[in-house]
Amino acid sequence: MNTSASPGGDGTVAGEHPTPVAVPAVIPAQDTLSPSVPSRAPADPSRAPVLPFRTPAAGARRPTAAAAPTAATSTTTTQAVTNPAATTPAATSASATTPAAASAVAGTSGGASRTGRLVVATALRFEAMAAGRSGLPSDTIMIRTGMGPDRARQAARVVREARPDAVAIVGLSGGLAPGVKPGHIVVAQEVRSSDGTVTPCASAPLLAGDLRRLGFTVHVGPIITVPRVAHGSERTRLAATGAIAVDMESAPIAEGSGDVPFAAVRVIVDTMDEPLGRLDLVRRGVRGLLTMSRLGTPLAAWAAAVGRRTVLLAEPRAFCAGVERAIEVVERALDLHGAPVYVRKQIVHNSHVVADLAARGAVFVEELDEVPAGATVVFSAHGVAPAVWDQADGRELSVIDATCPLVEKVHAEARRFTARGDTVLLIGHAGHEEVDGTLGESPGRIQLVQSPAEVADLEVPDPERVTYLMQTTLALDEASEIVDALRERFPAIVGPGSADICYATSNRQNAVRKVAQEAQLVLVVGSANSANSVRLVEVSNRDGVSSHLVENVGDVRLSWLAGVETVGISAGASAPPALVEELTAALSGLGPTDVTVRSVGQESISFHLPKELRRAAGNSSPAPLSRPAASRATS
């Protein structure tokens with residue numbers, strides 16, 4: 001249970017901690033009508049009911065192994081452990097520890113191969129009833145620990161004897177952090193005991209993601225286990241440690257689970273603002289139990305995803321030189337000018353990068369009319385049309401241009417080819433900022449081509465004077481198909497002197513193809529508006545491998561991982577490397593994980609910061625930065 005005195009039906013109240021009897025605990029065969037695990041099936045009259053496990057009362061003789069009833073060898077789907085109390089012959093006989101009973105508990109016999117097994121622990125009867133109705137797998141073993149760490153420590157032995165593949169503890173709990181409210185769910189990133197022992201729960205972000213998709217408000221962070229109910233100043237002290245929830249059972253179960261994947265899922269019913277003793281505590285408790293009754297599906301998906309696997313990391317992946325330069329431009333501008341520094345559009349297409357820079361004082365706007373006259377503004381890595389420069393001049397803005405040098409190369413080619421009289425056919429995707437900027441270099445002289453099917457409808461003034469250019473973040477094979485169609489339609493067409501698709505895009509696509517040769521599933525980290533990230537998913541899918549774009553680890557659906565032994569991971573050029581590390585760590589929390597790299601080479605390219613920004617670093621009042629000379633000439 002937790003630190004609250006919400007209804008549990010165990011015959012105990014907050015603050016009571018009977019001294020446990022130090023005897024080995026075993027799992028009894030479960031009565032189909034046990035109040036701990038509701039059953040809709042009719043009782044089998046041929047099967048004698050087995051009482052919940054109880055530790056022997058003081059002075060009682062422990063039964064011998066020969067006293068164990070044959071009913072204990074029947075296959076069980078759910079189990080219960082209750083509080084120490086007076087024992088009955090039936091109860092004590094069920095508690096005998098024998099190899100046969102241990103085999104039955106684990107659901108195996110005679111060396112038969114085992115399937116994945118989930119053990120779910122709850123403290124109180126009503127919590128077990130809610131969990132039992134939640135849709136857990138039919139072979140789930142449920143263990144009712146009783147309230148408090150001493151009883152949970154005894155129950156941990158029962159967990160070990162079950163030989164589980166995954167262990168979860170679920171129940172009601174108290175919130176500590178200010179943003180954690182009654183009705184919210186906390187998934188433990190780590191479980192802390194009162195003696196300082198810490199058990200990590202690395203797969204927590206994956207489980208939290210599935211819970212959020214059910215509409216719950218979910219927090220991921222430390223849960224601390226304490227020996228008694230925490231009130232007032234004690235809660236304040238616990239909150240100061242960084243823990244976001246408090247309970248009385250998770251740590252012993254976590255420590256007793258050993259190397260088995262472990263999860264702690266707690267539904268908050270009381271907080272410092274809404275403490276124990278309030279008249280509406282029962283209402284909050286009922287609401288929490290209703291929430292628990294919906295936890296079965298995500299817990300089942302989590303258990304199904306557990307297992308040994310290999311993770312293949314594509315190399316190169318994540319940030320490229322152009323993205324690193326653009327981010328540094330904003331950081332340097334903030335250092336030089338102080339907040340706010342305005343940025344037109346997203347500096348790069350990644351929500352995490354944007355959020356981080358916004359927290360430092362960057363203000364992202366869609367258009368320049370949102371920027372105060374005379375302020376400092378940064379143009380994004382995707383480039384802008386000459387008309388945007390004109391608008392900045394008209395508002396007397398101090399401009400810092402973070403356009404990627406490889407994008408600026410395409411702009412320069414567009415200016416050069418149109419200046420000599422060519423019609424430029426730009427291969428790319430409508431609406432992308434890079435495409436908009438290139439089209440704006442010579443309106444009416446540049447046409448967008450998005451697919452081979454569009455080539456037949458193209459009209460140009462002179463078929464002998466046609467040039468093609470490309471968006472830098474296209475898929476190589478996609479672009480090649482369009483180029484082939486253009487060459488067939490316009491035999492005299494010429495392309496750029498060097499490839500427009502940038503080195504980073506090409507390298508990441510080649511690397512993800514190498515990973516896809518071995519992987520059953522490919523996960524690409526990146527934002528949905530990141531063209532190069534989307535292309536990585538498309539490349540993997542075209543190679544016949546299931547592939548998904550994920551913004552972060554929380555976007556990974558556990559159902560994707562069921563039965564998958566080899567997972568490939570890549571990341572778009574605008575995705576922070578830390579997101580890949582977080583995803584890899586979460587996957588390792590699902591079981592033994594071998595992480596290896598599949599490389600097509602390492603990148604060593606870097607770009608200088610804009611010279612004006614470097615020069616401004618030595619001046620207290622940096623002058624406005626000017627646009628590229630060629631842009632001024634054609635504006």
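Which whole-number percent of Cα pairs in the stretch 327-410 have a distance greater than 17 Å? Counting every Cα pair in the stretch 327-410, those more than 17 Å apart make up 41 percent.
The slack between D259 and T241, meaning 0.36 nm per residue of separation minus the straight C-alpha distance, is 3.9 nm. Coordinate range of the alpha-carbon atoms in the stretch 461-536 per principal axis, descending: 48, 23, 20 Å. Take 123-133, 255-265 and order them by the average number of nearby Cβ atoms within 10 Å per residue, most first; the result is 123-133, 255-265.
With a Förster radius of 45 Å applied to the C-beta separation of A358 and V494, the computed FRET efficiency comes to 0.55.
Under Stokes-Einstein, with the Kirkwood radius over Cα pairs as Rh, the value for the stretch 392-538 at 37 °C and 0.692 mPa s is 198 µm²/s. Run the Debye formula on the Cα coordinates of the stretch 206-253, all scatterers equal and no solvent, and tell me log10 I(q)/I(0) at q = 0.17 1/Å. The Cα Debye sum returns log10 ratios of -0.61. Averaging the Cα positions of each part gives two centres, and for the stretch 334-362 and the stretch 288-304 these lie 39 Å apart. Spherically averaged projected area of the convex hull of Cα atoms, the stretch 357-396: 3.0 nm².
Applying 0.36 nm per residue to the separation of R557 and E481 and subtracting their alpha-carbon distance, the gain on full extension is 24.0 nm.
Taking 7 Å steps out from each Cα toward its Cβ at R212 and R542 produces label points 3.1 nm apart. Please work out how much accessible surface R489 shows to a 1.4 Å probe, ignoring ligands, DNA and RNA, in Å² rounded to 10. Approximately 90 Å² of R489 is accessible to the 1.4 Å probe. Gain on full extension, evaluated as 0.36 nm per residue between E324 and A456 minus their Cα-Cα distance, stands at 43.6 nm. Using only Cα atoms, locate the centre of the stretch 422-493 and the centre of the stretch 540-578, then give the distance between them in Å, rounded to an integer. If you average the Cα positions of each part, the centres end up 31 Å apart. Between the C-alpha center of the stretch 219-272 and that of the stretch 368-394 there is a gap of 50 Å.
Over all distinct Cα-Cα pairs of the stretch 169-272, the Kirkwood formula returns a hydrodynamic radius of 13.3 Å.
Spin-label pair E331-Q447: with each label point 7 Å from Cα along the Cα-Cβ axis, the two points sit 4.5 nm from one another.
For the stretch 422-472, the square roots a ≥ b ≥ c of the C-alpha gyration tensor eigenvalues yield an a/c of 1.5 or more together with a/b not exceeding b/c, which makes the shape oblate. Would you kindly give the portion of the calculated P(r) for the stretch 207-331 that falls above 25 Å, as a percent of all Cα pairs? The share of Cα pairs beyond 25 Å in the stretch 207-331 comes to 47 percent. Of all the accessible heavy-atom surface of the stretch 163-210, with the other protein chains kept in place and a 1.4 Å probe, what percent is carbon and sulfur? Carbon plus sulfur share of accessible area: 53 percent.
The values are calculated or read from the model by the stated rules, or taken from the named source; none is laboratory data. As the structure is a computational prediction, the values presented were derived from the model and not from experiment. Backbone-built Cβ (ideal geometry, glycine too); neighbour counts: all protein chains shown. Quick note on the areas: whole protein, heavy atoms, side chains included, nothing else; ligands and nucleic acids left out. Shrake-Rupley method; radii C 1.70, N 1.55, O 1.52, S 1.80 Å.
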